[in-house]
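Here's the structure, in structure tokens; my notes come after.
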Amino acid sequence: MKKIILIAFLTSIAFCKVQAQTANELMGKWKLVKWTKNGKDKTVADSTYQVFNDKNKFISIMEGKEHKGKWKLSDDNKTLTIRSGIISVKFRIDQFDQKRRVITADELGTLEYQKVD
């Protein structure tokens, strides 16, 4: 009986590892749908997006203006670093799946995105 429980436990751990989100799921266009800072909701412009492309290329779109940069996902998929110009911001990944992403940076607060494509 102990062996069966151990096998079931190890199988569930292996399944969770297989289901972990990676850079492949990050690729594409994401729309900012919610921004919270210091416990208060902030105004979100309807046309705010992040676009993650291959070769770690990144585009931030805010009110029709594009800002190019680079992105990097940590090996453990827990930290997303975005660099635009000379500014680099590290985000903790709070939640991340194929359709929704929630990230937090101390200086910016918590940002929630939904996948567009």
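In table form, for the structure just shown:
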| item | result |
| --- | --- |
| Charge-dipole axis of the stretch 23-115 as Lys and Arg at +1 and Asp and Glu at -1 on Cβ define it, positive-most pick from Ala45, Leu108, Phe96 | Ala45 |
| Gln98-Asp46 pseudo-label distance in nm [points 7 Å out on the Cα-to-Cβ vector] | 2.9 nm |
| At most 11 other Cβ within 10 Å, DSSP loop - trypsin sites (Lys or Arg not before Pro), the stretch 50-117 | Lys99 |
| Lysines whose Cα lies under 16 Å from that of Lys99, excluding same-chain neighbours fewer than 8 positions away | Lys29, Lys31, Lys34, Lys115 |
| Reach of Lys68 by Cα under 14 Å, taken over aspartates and glutamates that are not fewer than 8 positions away in the same chain | Asp54 |
| Cα centre as origin, Lys/Arg/Asp/Glu Cβ charges: the stretch 23-115 dipole, Debye | 160 debye |
| Histogram of C-alpha separations across the stretch 22-77, 5 Å bin width, % | 4, 18, 22, 20, 19, 14, 3, 0 |
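Bear in mind these aren't lab numbers, they're just calculated from the coordinates by the rules spelled out. Bear in mind that the values here come from a model prediction, so they are computed numbers and not experimental data. Glycine also receives a Cβ, built like all others from the backbone with ideal geometry; neighbour counts cover every protein chain displayed.
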